[in-house]
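Just dropping this structure here.
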């Protein structure tokens, strides 16, 4: 009989005298609201790696590897808000694979055959309700998500040029798509009843040189764009009525090739992953204007590897996970009360990891 166990990953042995059997397996124990499982896409291996998250220190323990099919080319993974489903965007095979998440072990079971895409998919994003999935191809394609996790095509919307990333505002009313060339952000309003997107007046909105990522602040008041070849981050005000983006001054300088963005859980700090510099630039976010002030300790390093390509903050706001594509690792960085970062541990991945999703 198991009477008590502390948080973290623990080996538990069960014995049955009646059957003369003994079995030992790892179990993961977490505090309420804490991430329990993590999933990482590995482009060159065509795999999705599953990890257990240690509740005491955020450390990742490899648990399983899911092969997605030869030549699938997984580039991004997402988890729905309930943690019941995980979706993988396969660029090379032009498909989306969906999985059920086992709530006890984090293991994955395919929902069905992968859903075919009309063209190459570069990125995708979930609606906050978990009922819709947006995918960038030659424009933005919307899929509805049924209660069993299956997806079906709802609508397609064109873009000024093929977008490579998506950002959705917290209310789910506005969707933004970043286009690397000519350097713009297409904005859309979203109708949750019909599942249709409509172009926002004034769209596309100019960003910096070769925008990579667009994200919306948790308040919904601001949007930020990392300009990959501009070594900068553009700051925008979001018009609450129309969703139009209004540039808030010139772009803010960061280091070389910023391709990852993440807010801490409070929205007080913005982290920028500089792929070529192997650093994270950190900023304090002004809650009134959205303007960025460099953190006193920025830029932060080491990151548990090289070539930061993706960042995820755990739900308790204790750790920042950094996917390092140059070293095939995930770094675990502690977030202190002032938004500072310090490396705690790292975990191995497959070949060329590009994205990560956490499940509570």
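The values are calculated or read from the model by the stated rules, or taken from the named source; none is laboratory data. None of the values given here were measured: they were computed from a predicted structure. Glycine gets a Cβ as well: all are built from the backbone with ideal geometry, and neighbour counts include every protein chain shown.
Just one of 273, 183, 230 is buried (at least 19 other Cβ atoms within 10 Å of the Cβ) and modelled with pLDDT under 95; which is it?
183
Could you please tell me which pairs satisfy a Cβ distance under 7 Å, a separation of 6+ or placement on different chains, a first residue in the range 99-119 that is in contact (Cβ under 8 Å) with a residue 24 or more places away in the chain and at negative phi, and a second residue that is in a strand (DSSP E or B) and surrounded by fewer than 12 Cβ atoms within 10 Å (Cβ to Cβ)?
99/109; 100/109
Quick check, is residue 167 under 18 Å from the mean Cα position of the chain (by Cα) and in a strand (DSSP E or B)?
So residue 167 fits the description; yes.
Can you name every residue in the range 89-122 that is outside any loop (DSSP other than H, G, I, E, B) and under 18 Å from residue 358 (Cβ atoms)?
Narrowing the range 89-122 to residues outside any loop (DSSP other than H, G, I, E, B): 89-90, 95-101, 108-110, 115-116.
Correct list: 89, 98, 99, 100, 101, 108.
Right, residue 320: under 23 Å from residue 354 (Cα atoms) and assigned to a strand (DSSP E or B) or not?
yes
Next question. Being surrounded by fewer than 23 Cβ atoms within 10 Å (Cβ to Cβ) and either over 19 Å from residue 354 (Cα atoms) or touching a residue at least 40 places away in the same chain (Cβ under 8 Å) (or both) narrows it down to one residue among 177, 262; which is it?
It is 262.
Which condition number does residue 354 fail, the rest of (1) more than 18 Å from residue 58 (Cβ to Cβ); (2) assigned to a strand (DSSP E or B); (3) free of Cβ contacts under 8 Å to residues at least 60 places away in the same chain being met?
(3)
May I pose another question? What number of residues in the range 278-301 are farther than 13 Å from residue 255 by Cβ and surrounded by fewer than 17 Cβ atoms within 10 Å (Cβ to Cβ)? Walk me through it before giving the result.
Filtering the range 278-301 down to residues farther than 13 Å from residue 255 by Cβ leaves 284-293, 295-297.
Those still in the list that are surrounded by fewer than 17 Cβ atoms within 10 Å (Cβ to Cβ) too: 286-289, 291, 293, 296-297.
Total meeting the criteria: 8.
Table: residues versus (1) under 30 Å from residue 324 (Cβ atoms); (2) out of contact with any helix residue (DSSP H, G or I) (no Cβ under 6 Å at 6 or more places or on another chain); (3) touching a residue at least 12 places away in the same chain (Cβ under 8 Å).
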| residue | (1), (2), (3) |
| --- | --- |
| 241 | no, yes, no |
| 248 | no, yes, yes |
| 252 | yes, yes, yes |
| 256 | yes, yes, yes |
| 278 | yes, yes, yes |
| 290 | yes, yes, yes |
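Let me ask something else about it. List the number of the failed condition for residue 41; all other conditions in (1) crowded, with 20+ Cβ neighbours inside 10 Å; (2) free of Cβ contacts under 8 Å to residues at least 40 places away in the same chain hold.
For residue 41, the exception is condition (2).
Looking at (1) more than 19 Å from residue 166 (Cβ to Cβ); (2) at pLDDT 95 or above; (3) surrounded by fewer than 19 Cβ atoms within 10 Å (Cβ to Cβ), which one does residue 249 not meet, given that it meets all the others?
(2)
Out of everything in the range 131-158 that is part of a loop (DSSP other than H, G, I, E, B) and crowded, with 19+ Cβ neighbours inside 10 Å, what residue ends up being modelled with the lowest pLDDT?
137
Condition check: surrounded by 17 or more Cβ atoms within 10 Å (Cβ to Cβ) and closer than 24 Å to residue 56 by Cα. Does residue 312 satisfy that?
Against the criterion (surrounded by 17 or more Cβ atoms within 10 Å (Cβ to Cβ) and closer than 24 Å to residue 56 by Cα), residue 312 qualifies.
Kindly list, by first and then second residue, each pair from a residue in the range 144-164 that is in contact (Cβ under 8 Å) with a residue 12 or more places away in the chain and on the phi > 0 side of the Ramachandran plot to a residue that is part of a strand (DSSP E or B) and surrounded by 15 or more Cβ atoms within 10 Å (Cβ to Cβ), limited to pairs with Cβ atoms under 8 Å and residues at least 6 apart or on different chains.
149/85; 149/98; 149/100
Also, I was wondering about something else. Taking the range 37-82, which residues are outside any strand (DSSP E or B), over 24 Å from residue 326 (Cβ atoms) and touching a strand residue (DSSP E or B) at 6+ places or on another chain (Cβ under 7 Å)?
Once the filter is applied, which keeps residues that are outside any strand (DSSP E or B), over 24 Å from residue 326 (Cβ atoms) and touching a strand residue (DSSP E or B) at 6+ places or on another chain (Cβ under 7 Å), the range 37-82 yields 54, 55, 56, 57, 80.
Out of everything in the range 259-273 that is assigned to a strand (DSSP E or B) and over 14 Å from the mean Cα position of the chain (by Cα), what residue ends up being nearest to residue 180 (Cα to Cα)? Before you say what the answer is, go through the steps one by one.
Step one: filter the range 259-273 for residues assigned to a strand (DSSP E or B), giving 259-263, 269-273.
Right, trim to over 14 Å from the mean Cα position of the chain (by Cα) and you get 269-270.
Details: 269: 25, 270: 21 Å.
Ranking the candidates gives 270 first.
Among the listed residues 95, 61, 70, identify the single one that is surrounded by fewer than 23 Cβ atoms within 10 Å (Cβ to Cβ), within 25 Å of residue 345 (Cβ to Cβ) and at pLDDT 95 or above.
61
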